[in-house]
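Colleague: Supplied in structure tokens, the structure appears directly below.
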Amino acid sequence: MAKKSEEKKHALLSASSAKKWLNCTLSARLEEAIPDGGSEYAAEGTLAHEICELKLAKQFTDKNMTDRTYKNRLGKLMKEPLYAKEMDGFTDAYVDYITGIAYGFPSAPYMAVEKRVDYSPWAPEGFGTCDCILIHGEAMHVCDFKYGKGKAVGSFENPQLMLYALGAWNAFRMIYPVKTVTLHVIQPRIDNTSSWEVPLEALLRWGEETVKPRALEAYRGDGECVQGKWCDDCFCRMSATCRARAEANTALMAEAEDPSAPGDAMMRLPPRLDNGEVGALLKRAQFLKSWVNKLEAYAQGEILAGREVPGWKLVEGRSTRTIRDIDAVYKELHEAGYPEAALYRKQPLPLSELDKILEKDHKVILEKYIVKPPGKPTLVPEDDKRPAISSASIAEGAFGGENTYKGGE
């Protein structure tokens, strides 16, 4: 059974970190010396992927799998320490999405689940494991299941999925006359799905003109470290000790050279900070965060007041789901057969816990009562893809709107 962790362990130019090494080519080799300790979140995601793979195999790719075999295998996965009941619903949502694609074709498509793909013609020794590939005629769909809930992932120009697509096309090019590729991201824990269609010609051009030169540079350990969103989005193991980030965030340029070396012979220090430098830098930077927070608060206040801060805008931040009628939803859940012991402690279960215990068919009861108010205004760079919110909409969210009490009613 293919595992996502294998890609991270063995592929220097992994698809999951493509955004990083395509922009910061030196990072791939520098990270080699730093062990990847993994995380509970990654292990949880691996388990969810295994459940998805089993469910798709039962429905599509393994027609010889009996119900008994399926139940036994699923039962073993459900006994894993990281298993939670909510996984069943979220993995069902993923399977439903794939089913929708499959049934959208005039006849049964070719489907590959947890397929290892080789994109080494564009990135040296490059390979990865694609969650699901569907091909029918000239159309190919590449699907990626994301179990994380920290940040929404999009499909538009997603380099991870584009590399998977290159690898998938490379594997099946002699069999299927693919002309269009659709990339899909399915992230059910935060109700995020997206798709993006790209002509094969454009995908191949990206592989030749963008990936090939940058991948070769990264593989050789050439180029330089460049700070950007990829530092955190791709969990760069150099993130905390990267000298380029330190120079970009503090006035360390002069200290990045050895003052003992005369004139033009000055030698640059190693690209990775040592622990002594880390300790000294933390002492010097301990007030930096406070200053930046105050600067952000000032900029946010100016924009809320209707004044422009060039290069910045306010967008709607994340908000928390709430139940608009506790009594009504619990009444319906009781009628659906849930005993009080399952729904009550000394008070109703929080929404996140209630969502975990409900059967898939009964989640519609809860969804009818969920409201999601606007999120707190969040300051972001102006190139952020989320739409800007106006001071008028902020005022309406705070003091008006459909759910607000209106005098005389």
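Colleague: On the basis of being under 19 Å from K149 (Cα atoms) and over 24 Å from the mean Cα position of the chain (by Cα), does I365 make the cut?
Modeller: No.
Colleague: Considering segment 175-206 alone, what residues qualify as being more than 15 Å from G100 (Cα to Cα), open to solvent by 70 Å² or more (accessible area, probe 1.4 Å) and under 22 Å from the mean Cα position of the chain (by Cα)?
Modeller: D191, E197
Colleague: Checking E382 against (1) surrounded by 13 or more Cβ atoms within 10 Å (Cβ to Cβ); (2) at pLDDT 70 or above; (3) within 18 Å of E316 (Cα to Cα), which test does it fail?
Modeller: Failed condition: (1).
Colleague: Moving on. Could you figure out which of (1) touching a strand residue (DSSP E or B) at 6+ places or on another chain (Cβ under 6 Å); (2) open to solvent by 60 Å² or more (accessible area, probe 1.4 Å); (3) of a type in the set (A, V, I, L, M, F, W, C) isn't true of I101?
Modeller: (2)
Colleague: Please work out if L288 is at negative phi, modelled with pLDDT of 70 or more and hydrophobic (A, V, I, L, M, F, W, C).
Modeller: In short, no.
Colleague: Let me ask you something else. If you take the residues of segment 20-74 that are over 30 Å from G100 (Cα atoms) and among the small types (G, A, S), which of them is surrounded by the most Cβ atoms within 10 Å (Cβ to Cβ)?
Modeller: Applying the filter and picking the extreme gives S27.
Colleague: Just checking, does segment 345-364 include any residue being in contact (Cβ under 8 Å) with a residue 60 or more places away in the chain and farther than 25 Å from F90 by Cβ?
Modeller: Among the residues of segment 345-364, not one is in contact (Cβ under 8 Å) with a residue 60 or more places away in the chain and farther than 25 Å from F90 by Cβ, which makes the answer no.
Colleague: Continuing with this model, one more query. Report those helices (runs of 4 or more DSSP H) wholly inside segment 34-129 carrying at least 2 residues which are of a type in the set (D, E), at pLDDT below 95 and within 23 Å of the chain's Cα centre (by Cα).
Modeller: It comes to 40-56, 86-102.
Colleague: Ok, one more. Only helices (runs of 4 or more DSSP H) wholly contained in segment 298-360 count here; list those with 3 or more residues that are over 30 Å from the mean Cα position of the chain (by Cα).
Modeller: Hits in segment 298-360: 326-335, 340-343.
Colleague: Only residues that are touching a Cys at 6+ places or on another chain (Cβ under 6 Å) and over 24 Å from L366 (Cα atoms): list them for segment 77-112, please.
Modeller: I98
Colleague: Inside segment 336-351, can you point out the residues that are in contact with a helix residue (DSSP H, G or I) (Cβ under 9 Å, 6 or more places away or on another chain) and not aromatic (F, W, Y)?
Modeller: A336, G337, E340, A342, L343, P348, L349, L351
The values are calculated or read from the model by the stated rules, or taken from the named source; none is laboratory data. Keep in mind the model is a prediction, meaning the values are calculated, not measured. Neighbour counts are summed over all protein chains in view; Cβ atoms, including those assigned to glycine, are modelled from backbone coordinates with ideal geometry. For accessibility, only protein heavy atoms count, side chains too; no ligands or nucleic acids. Shrake-Rupley method; radii C 1.70, N 1.55, O 1.52, S 1.80 Å.
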